[in-house]
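**Q** Okay, handing you the structure first.
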Amino acid sequence: MYFDGSGDYLTTYDPSYKVSVGSGDFTFECWVYVNSLPATVTALYHLKNDAALATTVFILELTPSGAISLSTGAALIASGTNGKITTGSWIHFAFVRTSGVFKTFFNGVQDISTANTTAYNGTYLQIGAWRYSGYDFSLNGYIDDLRITKGVARYTTTFTVPDQAFPNG
């Protein structure tokens, strides 16, 4: 998916909360290629509860330094330090909750590890932007081979990055 940094994003609506991560294990992973880092922040994954874009439940944010932060929009949950998304190269990124611990991985190397058992449930999933109340923090780059798996923590420690597309199904 290509996002031009000026309002492109992908949204899905699910009133039965199937796109929510809840409080259990899950894996969000994708390949990311960033043309430019944001001036403020942008989102790879934004879970919210209304079409007006105002009630954020959870955000996976890309910061101006290329780090990833986990946030509710109003409160920071954790901020990455070691793993960085840089411009001009493909990076495999994974965000996992395993047994009540959030973890992020860049090219298979762990960055964030923080305890969290909060249930995050929303009806709208937005990929490539954090949009709310007239604000638009859009990604300038690409997201490829995006996969969200509920109930499964695919990565719990350092791992070898996949070198083939994820299988269908």
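The values are calculated or read from the model by the stated rules, or taken from the named source; none is laboratory data. Just so it is clear, the structure is predicted and the values come from calculations on it, not from any experiment. All Cβ positions, even for glycine, are placed from backbone atoms using ideal geometry, and neighbour counts span all protein chains on display. We work out accessible area using only protein heavy atoms, side chains counted, and drop any ligands, DNA or RNA first. Shrake-Rupley method; radii C 1.70, N 1.55, O 1.52, S 1.80 Å.
**Q** Normalised by the residues of the chain, what does the relative contact order come to in percent, with Cα pairs under 8 Å and at least six apart? Before the final figure, lay out the partial values.
**A** Values: 456 pairs, mean separation 62.8, N = 169.
Over the chain, the number comes to 37 percent.
**Q** Do you know the relative contact order of the stretch 1-90, to the nearest whole percent, from alpha carbon pairs under 8 angstrom that are 6+ apart? It would help to have the intermediate numbers written out before the result.
**A** Details: 118 pairs, mean separation 20.8, N = 90.
Across the stretch 1-90, relative contact order equals 23 percent.
**Q** What residue among W90, C30, T114 has its Cα farthest toward the positive end of the dipole of the stretch 1-132, where the charges are +1 on Lys, Arg and -1 on Asp, Glu, each on the Cβ?
**A** Looking along the dipole axis, the top candidate is T114.
**Q** Keeping all protein chains in place and using 1.4 angstrom, which order do W130, W90 fall into by accessible surface area, from largest down? Spell out each step's value before the answer.
**A** Numbers: W130 20, W90 115 Å².
Accessible-area ranking of W130, W90, largest first: W90, W130.
**Q** Between the stretch 6-45 and the stretch 70-92, how many Å separate their Cα centres?
**A** 12 Å
**Q** Using only the Cα atoms of the chain, what do you get for the radius of gyration and for Dmax, in Å?
**A** Radius of gyration, then largest Cα-Cα span, for the chain: 14.5, 40 Å.
**Q** Here is a further query. Note down the accessible area of T117, probe 1.4 Å, to the nearest 10 Å².
**A** 100 Å²
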